[in-house]
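Just below is one structure, and these are the notes that go with it.
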Amino acid sequence: MSLFSSIHKLHVSPQRHFARQIKRITGITPTNLALYRIALTHSSTTGGVGDNNERLEFLGDAVMEVLASEYLYARFPFKGEGDLTDLRSRMVSREMLNEVGTRLGLQQLLQTNLPDRVLLSSSTIGNALEALIGAIYVDKGLKSARRFVRKKLIDIHFDVEEIAGKVINFKSLIIQHAQKNGQRVRFRLMEEQQAGNNKVFLMAVFLDEVKLGEGKALNKKRAEQEASRIACESLGLLPGKVG
């Protein structure tokens, strides 16, 4: 092997290795590899605004929120805005993205001067995952970003049913509120409609005969939850709104 060939191999090998790592993680062959380098470069290694991943993190955060919203909107057609918002906030939380980013092995590619204990206890890895999404969006467009989020993140690393199971039980909140204040809570079927092969139920929740909310769903239980969510909002019972 000539001296030129040896130098050339040493020069391109790290690039090819990095490109292979990106493809392994994302399933995408990068076109602009420099974007992915920046996405995995923490601000602790450079003072330049365009040389670290903060701008791509900003973009990737917005893209991830849109794609998570899109997925949840289609996945749960009869959940109300409150439930969907709560689900999305759980999916894109720093804790969740840190965990997923760690599973993907981003910490092994991340360029940072942070000590390991700080790296693993901070949101740095989750931020890098968002920056990676931003890099894919800029390099390949929304379709590729969507495919990565759906196929490589949600389908593999997100237990959506478990996340959905942690959504606030609005009906319980209403019942507890009524018991605390000596009020009577009652749910009433207001309407039952046929929608194709399914029935859609409209349920209302009353406190001392005062209607506080209505909800519509494919079964009465979910409709009661939606009605209760609206009632909780009107009574200021939701976390962050109490008092």
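Can you tell me the Rg and the Dmax, both Å, for the Cα atoms in segment 170-235?
Looking at segment 170-235, its Cα Rg and Dmax stand at 12.0, 42 Å.
Applying the Karplus parametrisation 6.51 cos²θ - 1.76 cosθ + 1.60 with θ = phi - 60° to the phi angles of segment 93-98, what ³J(HN,Hα) value in whole Hz is obtained for each residue in order, glycine and proline being reported as x?
5, 4, 4, 5, 5, 4
In straight Cα distance, which aspartates and glutamates are under 16 Å from LYS180, not counting same-chain residues fewer than 8 positions off?
List returned: ASP208.
With no solvent and one point on each alpha carbon, what is the Debye value of log10 I(q)/I(0) for segment 91-148 at q = 0.12, 0.16, 0.30 Å⁻¹?
Taking Cα atoms of segment 91-148 as identical point scatterers yields -0.29, -0.49, -1.22.
Using Cα atoms only, what is the angle between the long axis of helix 54-75 and the major principal axis of the chain, expressed in degrees (0 to 90) to the nearest 10?
Tilt of helix 54-75: around 40 degrees.
So how tilted is helix 220-235 from the main axis of the chain? Cα-based, degrees 0 to 90, rounded to 10.
Roughly 90 degrees between the two axes.
Quick check: the angle from helix 170-180's long axis to the longest principal axis of the chain, C-alpha only, nearest 10 degrees?
50
Which distance in Å, rounded to a whole number, links the C-alpha centroids of segment 70-108 and segment 214-238?
Cα centroid of segment 70-108 versus Cα centroid of segment 214-238: 22 Å apart.
Could you put HIS157, HIS42 in order, starting from the residue whose Cβ has the fewest other Cβ atoms within 10 Å?
Working: HIS157 14, HIS42 21.
The order, fewest Cβ neighbours first, is HIS157, HIS42.
Please work out which option in [x] 1.15; [y] 0.94; [z] 0.97 gives Rg/Rh (Cα atoms, Kirkwood Rh) calculated from these coordinates, and answer with its label.
Correct label, based on the coordinates given: [x].
For ILE156, ILE125, which order do you get if you count the other beta carbons within 10 Å of each Cβ and list the fewest first?
Values: ILE156 11, ILE125 24.
The fewest-first ordering by Cβ neighbours comes to ILE156, ILE125.
Taking only DSSP H segments of four or more residues, each worth -39500 (n - 2.57), what value at 222 nm results for the chain once the sum is divided by all its residues, to the nearest 500 deg cm²/dmol?
Value at 222 nm, helices only, nearest 500: -17500 deg cm²/dmol.
Among all lysine pairs in segment 3-165 that are eight or more places apart or on different chains, how many have alpha carbons less than 30 angstrom apart?
For segment 3-165, the number of qualifying lysine pairs is 13.
Here, each number is a calculation from the coordinates, and none is a lab measurement. Since we're looking at a predicted model, the values are computed, not measured. Methodologically, a virtual Cβ is constructed for each residue, glycine included, from the backbone with ideal geometry; neighbour enumeration extends over all protein chains shown.
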